[in-house]
Amino acid sequence: MKVVHLITALDVGGAQRALCRIVPRMSGRFESHVISMLGGGPMAEELASAGIPVVSLDMQPGYATPSALWRCIQELRTLEPDVLQTWMYHADLLGLVAGTVARVPRIVWNIRAADMDLTRYRRLSSLTRRLCGWMSASPAAIVVNSQAGRRAHQTLGFHPREWVLIPNGIDPEEFRPWLADGAAVREELGCAETTIVIGLVARFDPMKGHDTFLRAAARLAQTHEDVHFVCIGEGATPDNPPFAQLVTREAPGVRLTCLGPRKDVNRLLSGVDVATCSSVSEGFPNVVLEYMACGVPSVVSDVGDAAAIVGPAGMVVPAGSPERLADAWRQVIELGQMGRRALGQAARARVLERFTLDKVILQYEALYTRLVAESAN
């Protein structure tokens, strides 16, 4: 069975990580190809190194050109997929048009967001989502990775033939406790063994709540002197003027290390005592699974399915509340080292029970197999 995956871009993001984790590990019964609307990106290199053919339409952000649409149609006509799986709004819309013209027999959308505030983005994004809502009965099915995403899009008027819930998953061998590396990571950060390290792994984006994280950091620093904060992710660096200005405004004097994008996040988490998801909007945040699989206790915003993911193995606070976030950090700190370790172990056990990558891949394979079988009968 041939499956083509069309995605908006292959830079670093939750949907891109999910695609890169799922596609190379699918059964040999499936031949996979990836088309990216925008050019390049680190995830494109990762897919190519795994032997997955990747084609770029080389579109520019914010510009939908007839030539890109035509090239997408031509690629689909050449590949003749059994299933076209699209990822995120822009690819959903382009894939529906191109796939229909190319006569792809089965088109499946993949929606990764929940209550996303698109006023923070280009107007084209809002228009694209509105168009997707109008056309949502056209694809064979719509995959959502969260219950929150399904509820939000039903409210927006999405009315598909079928909703299919497939949560995100993680490889528990890739993301696992790296206890032996903890001392080396702390040395890299310039932290003593007794220092409490609080981390945020997120690209610098309006939805990720860096402002909330930094305001909470400033509050906690007033009562806890021996605390060090770490930001990991694209754009979270001192040489990014908007981020640097935010740090100066919201957290002056706070002990903060900004590492930018890193490929060794799993190892870096071994030096973190408390991990954070401060987002103001999410569907199913991949990073929370990464924290949990690495055995790090986490404090997460109550967005998307985050509360359902962590369950009793983490702490949940209202989104956009630095006061509540700082209070939750204090509570986790007061658990002591043994209490934090026990909470982290419970988090990893929850991942092994519910959110392994193998289980997620089986669900995608079952969906594609069923759709092909139903249309053949």
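The values are calculated or read from the model by the stated rules, or taken from the named source; none is laboratory data. What you see is a predicted model; the values in this text were computed from it and never measured. All Cβ positions, even for glycine, are placed from backbone atoms using ideal geometry, and neighbour counts span all protein chains on display.
Listed values, structure above:
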quantity	calculated
Residue in the range 22-32 that is modelled with pLDDT of 95 or more and in a strand (DSSP E or B) present	yes
Test for Leu47: is it among the aliphatic types (A, V, I, L, M), within 14 Å of the chain's Cα centre (by Cα) and not in a strand (DSSP E or B)	no
Conditions (1) in a helix (DSSP H, G or I); (2) out of contact with any Pro (no Cβ under 6 Å at 6 or more places or on another chain); (3) not charged (D, E, K, R): number failed by Leu343	(2)
Hits in the range 160-179 (condition: at pLDDT below 95 and surrounded by fewer than 14 Cβ atoms within 10 Å (Cβ to Cβ))	Glu173, Glu174, Leu179
Complete set of residues in the range 23-72 that are charged (D, E, K, R) and surrounded by fewer than 18 Cβ atoms within 10 Å (Cβ to Cβ)	Arg25, Arg29, Glu31, Glu45, Asp58
Within the range 209-234, considering residues that are closer than 22 Å to Val12 by Cα and at pLDDT below 95, the one surrounded by the fewest Cβ atoms within 10 Å (Cβ to Cβ)	Glu234
Any hit, the range 55-66, residues being closer than 26 Å to Leu362 by Cβ, out of contact with any Pro (no Cβ under 9 Å at 6 or more places or on another chain) and part of a helix (DSSP H, G or I)	no
Count of the range 80-99 residues which are over 20 Å from Leu10 (Cα atoms), surrounded by 16 or more Cβ atoms within 10 Å (Cβ to Cβ) and out of contact with any helix residue (DSSP H, G or I) (no Cβ under 8 Å at 6 or more places or on another chain)	1
Qualifying residue in the range 192-199 (condition: of a type outside the set (A, V, I, L, M), touching an Asp or Glu at 6+ places or on another chain (Cβ under 9 Å) and crowded, with 23+ Cβ neighbours inside 10 Å)	yes
Yes/no for Gly157 being exposed (fewer than 14 other Cβ atoms within 10 Å of the Cβ), in the same structural domain as Arg340 (by TED's automatic domain parsing) and more than 30 Å from Ile361 (Cβ to Cβ)	no
